[in-house]
Ligand SMILES: Cc1cc2nc3c(=O)[nH]c(=O)nc-3n(C[C@H](O)[C@H](O)[C@H](O)COP(=O)(O)O)c2cc1C
């Protein structure tokens with residue numbers, strides 16, 4: 001039963017929060033994928049009720065749109081939305097390599113909403129915590145994400161690569177991220193995260 005799965009998952013690691021990913025593109029390309037999302041809003045609402053923990057709803061690298069965020073905000077009220085947009089790890093590519101369906105995956109290469117755009121779309125309709133992920137690769141990327149509307153940022157691939165090299169490398173990488181983040185705050189005259197979230201924005205093509 002869904003409520004048993006939720007409590008087992010929480011108990012396994014004494015979880016502080018529960019994150020549910022919406023990953024249709026991953027499921028489509030996954031060899032053992034289950035691309036069936038009917039009733040997902042009701043299930044998310046149910047999980048929020050039984051988990052008794054903050055609920056994070058996230059993508060896995062294809063982004064959350066304004067329309068989906070609006071639906072989540074009005075029907076589920078998650079505590080946080082992690083946009084996990086395009087620009088970083090691609091589960092379409094990972095799964096299609098596993099499945100040997102690279103031709104179809106090439107057609108959908110880059111499918112989704114780039115992380116920066118997804119942050120702006122979600123922020124425009126959702127008042128809760130917005131987490132930026134998907135291609136965040138430095139403390140400066142994280143600072144930019146906060147400047148355009150995220151409350152926090154996260155990353156997978158770079159941390160996994162550091163973790164594969166061990167504890168010291170992971171510690172060194174996180175220290176570097178913090179340093180880059182602090183430099184960005186200093187250079188924008190931001191004394192705290194709130195200041196950083198209000199800095200004037202200059203948008204340019206790179
Ligand atoms: C090896 C690996 C495993 C992942 N497993 C999960 C998972 O179980 N659940 C999930 O929601 N996201 C998972 N992710 C997705 C990440 O949370 C993240 O949204 C995505 O990789 C984009 O971030 P990145 O570009 O920093 O890697 C995983 C990512 C990687 C690289």
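Residues in the stretch 122-132 that are under 15 Å from the mean Cα position of the chain (by Cα) and either closer than 10 Å to residue 85 by Cβ or outside any loop (DSSP other than H, G, I, E, B) (or both): 122, 123, 129, 130, 131, 132. Residues considered: 20, 47, 64, 13. Of these, the only one that is surrounded by 18 or more Cβ atoms within 10 Å (Cβ to Cβ) and either more than 30 Å from residue 108 (Cα to Cα) or at pLDDT below 95 (or both) is 47. Screening residue 8 with (1) touching a helix residue (DSSP H, G or I) at 6+ places or on another chain (Cβ under 7 Å); (2) part of a helix (DSSP H, G or I); (3) away from the ligand (no atom under 15 Å from the Cβ); (4) farther than 20 Å from residue 130 by Cα gives one miss only, at (1). Assess whether residue 165 counts as being out of contact with any helix residue (DSSP H, G or I) (no Cβ under 6 Å at 6 or more places or on another chain), within 16 Å of the ligand (Cβ to nearest atom) and free of Cβ contacts under 8 Å to residues at least 24 places away in the same chain. When the stated conditions are applied, residue 165 passes them. Considering every residue within the stretch 139-150, establish whether at least one is more than 29 Å from residue 75 (Cβ to Cβ), in contact with a strand residue (DSSP E or B) (Cβ under 8 Å, 6 or more places away or on another chain), within 16 Å of the ligand (Cβ to nearest atom) and not in a loop (DSSP other than H, G, I, E, B). Scanning the stretch 139-150, I find at least one residue that is more than 29 Å from residue 75 (Cβ to Cβ), in contact with a strand residue (DSSP E or B) (Cβ under 8 Å, 6 or more places away or on another chain), within 16 Å of the ligand (Cβ to nearest atom) and not in a loop (DSSP other than H, G, I, E, B), so the answer is yes. For residue 51, indicate whether it is touching a strand residue (DSSP E or B) at 6+ places or on another chain (Cβ under 9 Å) and in contact (Cβ under 8 Å) with a residue 60 or more places away in the chain. Spelling it out, it is not the case that residue 51 is touching a strand residue (DSSP E or B) at 6+ places or on another chain (Cβ under 9 Å) and in contact (Cβ under 8 Å) with a residue 60 or more places away in the chain. Counting residues in the stretch 105-121 that are outside any loop (DSSP other than H, G, I, E, B), away from the ligand (no atom under 15 Å from the Cβ), touching a strand residue (DSSP E or B) at 6+ places or on another chain (Cβ under 8 Å) and modelled with pLDDT of 95 or more gives zero.
Within the stretch 119-132, residues that are without any contact (Cβ under 8 Å) to a residue 40 or more places away in the chain have Cβ atoms under 7 Å from residues that are crowded, with 22+ Cβ neighbours inside 10 Å in these pairs: 119/83; 119/130; 119/132; 119/145; 119/150; 123/130, counting only partners at least 6 apart in sequence or on another chain.
When 202, 186, 181 are checked against the criterion of being surrounded by 13 or more Cβ atoms within 10 Å (Cβ to Cβ) and over 24 Å from residue 70 (Cβ atoms), a single residue qualifies: 181.
So, residue 135, is that one within 16 Å of the chain's Cα centre (by Cα), away from the ligand (no atom under 16 Å from the Cβ), assigned to a loop (DSSP other than H, G, I, E, B) and in contact (Cβ under 8 Å) with a residue 40 or more places away in the chain or not? Quick ask: steps written out before the conclusion?
Details: within 16 Å of the chain's Cα centre (by Cα): yes; away from the ligand (no atom under 16 Å from the Cβ): no; assigned to a loop (DSSP other than H, G, I, E, B): yes; in contact (Cβ under 8 Å) with a residue 40 or more places away in the chain: yes.
When the stated conditions are applied, residue 135 does not pass them.
Yes/no per residue for (1) under 20 Å from the mean Cα position of the chain (by Cα); (2) within 16 Å of the ligand (Cβ to nearest atom):
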residue: 27; (1), (2): yes, yes
residue: 32; (1), (2): no, yes
residue: 39; (1), (2): no, no
residue: 44; (1), (2): yes, yes
residue: 56; (1), (2): yes, yes
residue: 59; (1), (2): yes, yes
residue: 64; (1), (2): yes, yes
residue: 67; (1), (2): yes, no
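The values are calculated or read from the model by the stated rules, or taken from the named source; none is laboratory data. These numbers come from a predicted model, not from an experiment. Quick reminder, even Gly has a Cβ in these numbers, built from the backbone with ideal geometry, and neighbours come from all protein chains shown.
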